[in-house]
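Peer 1: Sharing a structure with you now.
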Amino acid sequence: MHNSEDIENYLEIRSSNLNYYVVLNSIFNFQDKKIERSQSVDSEYFKSYEHARRHAFSMIRKFGQFEGVEFRGSNF
């Protein structure tokens, strides 16, 4: 992507088939539109929201690629 004025990244919990997982959302802001991209941070699934939330905070603390990334909760 080129000519993006701003890129915003944050972690979020998603739910699928009674499982929870952590995704990294990236929002690319252009002059007249926004493009959002979501991808799972790993292949781990959790039975409870709380376990997924702890995993997200663990990812922020332990791995440099998520350092400084905000955690925003869930999409539901």
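The values are calculated or read from the model by the stated rules, or taken from the named source; none is laboratory data. Just so you know, these numbers come straight off a predicted model, no measurement behind them. All Cβ positions, even for glycine, are placed from backbone atoms using ideal geometry, and neighbour counts span all protein chains on display. These accessible areas exclude ligands, DNA and RNA; they are computed on the full protein's heavy atoms, side chains included. Shrake-Rupley method; radii C 1.70, N 1.55, O 1.52, S 1.80 Å.
Peer 1: Do you know which residues across region 17-58 are among the small types (G, A, S) and part of a helix (DSSP H, G or I)?
Peer 2: Answer for region 17-58, where residues must be among the small types (G, A, S) and part of a helix (DSSP H, G or I): A52, A56, S58.
Peer 1: Of everything in region 27-76, what is within 17 Å of I13 (Cα to Cα), polar (S, T, N, Q) and in contact with a strand residue (DSSP E or B) (Cβ under 8 Å, 6 or more places away or on another chain)? Give them in sequence order.
Peer 2: S38, Q39, S40, S48, S74, N75
Peer 1: Across region 22-46, what is the total count of residues that are more than 8 Å from the chain's Cα centre (by Cα) and hydrophobic (A, V, I, L, M, F, W, C)?
Peer 2: 5
Peer 1: Here's a check for you: in region 27-58, which residue that is of a type in the set (A, V, I, L, M, F, W, C) and in contact with a Leu (Cβ under 7 Å, 6 or more places away or on another chain) is surrounded by the fewest Cβ atoms within 10 Å (Cβ to Cβ)?
Peer 2: V41
Peer 1: What are the pairs, 6+ residues apart or on separate chains, where a residue within region 59-72 that is within 16 Å of Q39 (Cβ to Cβ) and at pLDDT below 85 has its Cβ under 8 Å from a residue that is open to solvent by 90 Å² or more (accessible area, probe 1.4 Å) and not hydrophobic (A, V, I, L, M, F, W, C)?
Peer 2: Taking only residues 6 or more apart or on different chains, not a single pair turns up.
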